[in-house]
Each structure stands twice: as C-alpha cells, then as structure tokens.
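The values are calculated or read from the model by the stated rules, or taken from the named source; none is laboratory data. The model shown is predicted, which means the values in this text are computed figures rather than measured ones. Cβ placement follows ideal geometry from the backbone for every residue including glycine, while neighbour counts extend to all protein chains displayed.
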Amino acid sequence: MPRVTVIGTGYLGLTHAVCLADLGHQVLAIDVDEDKIAKAANGEVPFFEPGLEPLLRKNLDAGRLRFTTSFAEVGAFGEVHFLCVGTPQGSDGGADLSFVHAAAGALAPQLTADCLIVGKSTVPVGTARQVLSQVRAIAPAGRRVDLAWNPEFLREGHAVQDSLTPDRIVLGVTSDRAETLLREVYATPLGSGVPLLVMDLETAELVKVAANAFLATKVSFINAMAEMCEASGADVMPLAEALGYDARIGRKFLSPGLGFGGGCLPKDVRAFRATASSLGVGSVVSLLSSVDAINQGRRDQVVTLAIEAAGGTLDGTRVAVLGVAFKPNSDDVRDSPSLAVCDRLRAEGAIVSVHDPVAMPNAAKRRPDLVYARSVFEAAQGAELVLHLTEWSDYQAIDPAALGRVVARRVIIDARCCLDARLWHDAGWTMRVLGRGVRGAGSPLWAGGLGGCPPEKS
Ligand SMILES: NC(=O)c1ccc[n+]([C@@H]2O[C@H](COP(=O)([O-])OP(=O)(O)OC[C@H]3O[C@@H](n4cnc5c(N)ncnc54)[C@H](O)[C@@H]3O)[C@@H](O)[C@H]2O)c1
C-alpha cells in the first residue's frame with residue numbers, strides 16, 4: 001500500500017488522515033498550525049466531530065498515524081500526498097487559493113521520490129492544472145510528479161461515516177498511474193461497492209461545486225416557498241413533506257428555516273458564481289445570485305419578525321438566542337446564520353444572550369462581546385423574546401412550561417421550524433414559525449402574521 005501524507009489537518013484533513021490510517025495505511029499528517037499538530041499528536045481533536053477522537057487515538061496507538069510540522073519529513077515519506085488546506089472566500093467573492101499554492105510550494109522542493117499529489121480541497125475549475133504546473137516547475141529534477149483531484153463530500157457531524165463509506169469516490173486524473181495509486185488507497189471502500197467515477201481534472205473540480213450549488217439551490221427553493229406560505233397564510237411544513245414524497249424531488253435538504261451557513265456552502269456558491277462570471281456563464285451567475293440572496297433574506301426575515309414581536313423596536317429588548325453553530329452536531333460557526341442574526345439584533349439595540357451546547361467557545365473567538373450563557377435557562381432569564389436559531393435536539397426537548405417561568409414574556413420565534421408549536425402554545429407561549437402563515441383564531445401562531453399584530457408587550 002502506498003505511504004500517504006495529508007497536508008492540512010482541519011475538519012477535512014484530520015478526518016481524512018484518521019480514516020485513511022483506519023483503513024490500514026501508514027499516514028503522516030502536517031499542518032502549519034503547531035498547536036493543532038501538538039493536540040492531534042496527543043490524541044485530541046480540536047473541533048467537535050462525533051466518533052473522530054476515539055478513532056484518532058486508536059490509530060495513534062496502532063502506530064499507523066503520525067503528525068509533523070516538517071515538509072522535509074512529508075516529502076521524504078509520502079508516495080501519495082493529499083492537499084486538504086482551506087480555500088476560504090476571498091475579498092472579491094472568489095476562492096482564496098493562497099493556502100493551496102503555499103502548501104504545494106512548500107511540498108514540491110522537498111520531494112525525494114516520484115509521487116502523486118491529490119487535491120481534496122474545494123477549488124474553482126482550472127486550479128488543478130495551475131497546481132500541476134507550479135509543482136512541476138519547482139520539484140527536484142528527475143522526479144515524476146502526477147496530480148489528481150479527488151473532491152470531498154463529507155458532512156460535518158457525519159464526517160467519519162462519510163469518509164469511511166462515501167456515497168461515491170470521484171477522481172480527476174491525467175494518467176493511468178494516478179488512477180492505479182488511488183485505487184490502491186481506496187481499495188477497502190471500493191471493495192465494499194462504493195461507486196468510483198474517473199474523469200478529467202476539470203470535471204472533477206466542477207462536480208464538487210456543482211453538488212454544493214445544487215444543495216444550496218434546494219434549500220433556497222424551499223425557503224422561497226416558505227416566503228410564499230408566509231405571504232399567503234399557508235404552511236411550508238406539510239408543503240415540504242408533500243413535495244418530498246416525490247422520488248424525483250426527495251426529502252433531503254428540503255427543510256425550510258434560517259437557511260444554510262458554515263465553512264462550505266456559502267463560500268462555495270459565491271466562488272462558483274465568481275468563476276462562472278469570469279467565464280461569461282450568465283445562467284450560473286443569475287441562478288447562484290438568487291440562491292445567495294434568498295438565503296441572506298431569511299436572516300433579515302427573522303430580525304423583521306423579532307422587531308414585530310418586540311412591538312416595533314428591539315431597542316433595550318432582552319433576547320435569548322438558542323444555538324450559534326451553523327447546524328446541529330457541529331461546533332463550526334463559520335458564516336453562522338445565527339451569529340449573523342445576533343449582529344443584526346444588536347445593531348437594532350437588543351440585549352442578546354446566547355446558548356449553544358458546543359459551539360460557544362468558537363463563537364466567543366469571533367464575537368467576544370456577546371453574552372454566553374451556561375444553560376438555556378440562564379440565557380432565557382428575564383428574556384422578552386426567545387429565538388430558536390440552530391436545531392439541536394436538546395432544544396426540541398425543552399419543557400416550555402419550565403422555560404416560561406424564567407422569561408419576562410412567553411414569546412418565541414422558531415426559525416428552524418422544528419419545535420412542537422402546539423406544546424409551546426399550550427404552555428402559554430406565543431410562537432411564530434418561519435415559513436408558516438397564520439391560520440386565524442385558535443392558531444398556536446400569533447395572529448396577524450407579518451403585517452398584523454404581534455403579542456402586546458407587558
Ligand atoms: N469542512 C467540511 O465539511 C468540508 C467538506 C468538503 C470539502 N471541504 C473543503 O476542504 C478544504 C478544507 O476545509 P476545512 O473545513 O478542513 O478547513 P480548515 O480551515 O478547518 O482546515 C484547513 C487547514 O489547513 C491548514 N493549512 C493552511 N495552510 C497550510 C499549509 N501551507 N500547509 C499545511 N497546512 C496548512 C490550516 O492551518 C488548517 O488547519 C476546503 O477547500 C473546503 O471547502 C470541507
């Protein structure tokens with residue numbers, strides 16, 4: 001089996017390194033962040049990912065996985081080098097490829113044998129060939145360097161399972177040698193029937209951004225339908241359920257609410273739009289502009305509802321926010337819809353107290369001046385308005401009667417459409433759910449809807 005290195009040990013790289021070691025490979029992983037490497041070498045995962053830490057420890061103990069900060073060591077060790085560094089959004093909306101080029105530039109001069117470099121980072125179409133030229137220009141003379149692109153589809157919160165048993169493996173290659181080496185690396189999942197799709201570099205790069213663009217479009221589609229429901233008095237939840245039964249549509253990613261966020265979908269949509277714009281592909285530009293605008297609009301809509309619920313102004317209103325992670329089962333707050341809402345609430349003068357089961361330390365690094373509560377009850381103490389912004393299962397288990405005893409006013413906005421409206425209503429709460437129109441007297445939703453009458457402030 002080829003010896004493997006993994007360059008960049010963030011969410012993607014650390015998971016990839018651990019899972020390759022668990023498949024039986026000898027793996028050496030590197031990062032420029034010395035603290036991350038020290039933690040990983042000590043068996044600690046520096047982010048929240050269910051199941052990853054025990055697997056890291058198991059493979060450290062088995063001697064299959066090591067960590068370093070030396071590119072010389074990586075160059076001497078690996079036959080297959082996986083590039084897993086970040087590709088954040090640049091100032092122009094396109095992908096910032098500086099980490100990719102820095103990593104390739106640090107690796108290439110250190111190569112002591114023929115090798116295959118495999119990009120896993122999400123990049124604009126055309127990047128792989130640029131990296132290949134860059135590496136070949138600076139690799140030691142006489143070394144054969146191949147390059148492949150192998151986009152990653154893992155989901156944070158399910159990363160271990162997604163890495164060990166992916167839906168499919170996509171390989172962009174320029175040589176048979178690259179394909180052969182990667183078939184060896186992935187022999188176990190391929191042997192268990194995971195589909196393999198081999199294509200050219202450009203198509204492989206595009207598969208990843210096209211997949212994320214489709215998922216984002218699905219979310220924004222159902223949120224556009226949620227806006228129709230809000231405006232017409234209909235209810236997006238049964239609508240989504242009814243659509244989802246159509247096998248051509250499917251239920252997944254059809255959850256209305258506050259929209260998508262995180263370290264991938266928003267930046268990948270914008271980077272794809274920037275690439276399409278530079279290539280003059282207007283259809284993709286206009287599609288993705290709408291997807292992004294609908295997504296941002298949901299954040300504004302929550303703030304509009306909050307202002308309405310507070311009687312016309314949030315100035316001085318105490319607001320409890322439940323959830324700051326961009327999604328449940330993650331501590332990732334990159335482009336968190338909840339944090340964006342918190343910013344807008346505070347700009348309107350609200351006094352905001354937040355809670356999250358795991359993401360508060362990361363949120364505190366980005367928003368040190370928010371008030372972080374140790375429990376839901378502490379966050380809600382004296383609150384005049386509660387906002388449910390990340391759908392942790394813990395929040396669906398809240399006893400509305402008990403929470404009602406600590407708040408100043410029993411008013412809640414469910415921006416994730418998954419709390420039991422009847423339960424909260426029966427406990428004396430006034431509730432508004434994003435995407436659910438108001439159905440008149442007796443409705444657990446407050447009367448009047450967007451243009452109507454929110455509960456009176458006591
Ligand atoms: N997080 C996900 O769920 C996910 C899923 C699929 C694809 N991706 C893609 O994978 C890539 C990485 O994403 P991530 O979420 O792991 O990012 P991340 O920011 O968590 O990790 C990137 C890591 O790369 C390291 N790094 C930067 N420059 C380096 C260099 N020159 N040499 C070595 N290490 C370096 C950083 O220190 C960091 O630890 C991105 O392109 C992303 O779009 C991410």
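Among the candidates 55, 20, 107, single out the residue that is crowded, with 20+ Cβ neighbours inside 10 Å, within 9 Å of the ligand (Cβ to nearest atom) and assigned to a helix (DSSP H, G or I).
From the options 55, 20, 107, the qualifying one is 107.
Which residue is farthest from the ligand (Cβ to nearest atom), if the candidates are limited to the stretch 116-129 and must be within 23 Å of residue 10 (Cα to Cα) and not β-branched (Val, Ile, Thr)?
The residue in question is 116.
Yes/no per residue for (1) out of contact with any strand residue (DSSP E or B) (no Cβ under 7 Å at 6 or more places or on another chain); (2) assigned to a loop (DSSP other than H, G, I, E, B); (3) farther than 25 Å from residue 169 by Cα:
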| position | (1), (2), (3) |
| --- | --- |
| 1 | yes, yes, no |
| 12 | yes, no, no |
| 39 | yes, no, yes |
| 76 | yes, no, yes |
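Being farther than 18 Å from residue 148 by Cα and among the charged types (D, E, K, R) is the filter; apply it to the stretch 59-103 and report the residue that is farthest from the chain's Cα centre (by Cα).
Of everything passing the filter in the stretch 59-103, 73 is farthest from the chain's Cα centre (by Cα).
Determine if the stretch 15-25 includes at least one residue that is modelled with pLDDT of 95 or more and in contact with an Asp or Glu (Cβ under 8 Å, 6 or more places away or on another chain).
Checking the stretch 15-25: at least one residue is modelled with pLDDT of 95 or more and in contact with an Asp or Glu (Cβ under 8 Å, 6 or more places away or on another chain).
Of the residues 102, 113, only one is exposed (fewer than 15 other Cβ atoms within 10 Å of the Cβ), hydrophobic (A, V, I, L, M, F, W, C) and within 15 Å of the ligand (Cβ to nearest atom); which?
102
Consider only pairs whose beta carbons are under 6 Å apart and that are at least six residues apart or on different chains; among these, list those whose first residue lies in the stretch 361-385 and is touching a residue at least 12 places away in the same chain (Cβ under 8 Å) and of a type outside the set (Val, Ile, Thr) and whose second residue is surrounded by fewer than 17 Cβ atoms within 10 Å (Cβ to Cβ) and in a loop (DSSP other than H, G, I, E, B).
Qualifying pairs under 6 Å: 377/406; 380/406; 381/406; 382/408; 384/408.
Report the residue count in the stretch 83-97 for those that are hydrophobic (A, V, I, L, M, F, W, C) and without any contact (Cβ under 8 Å) to a residue 60 or more places away in the chain.
1
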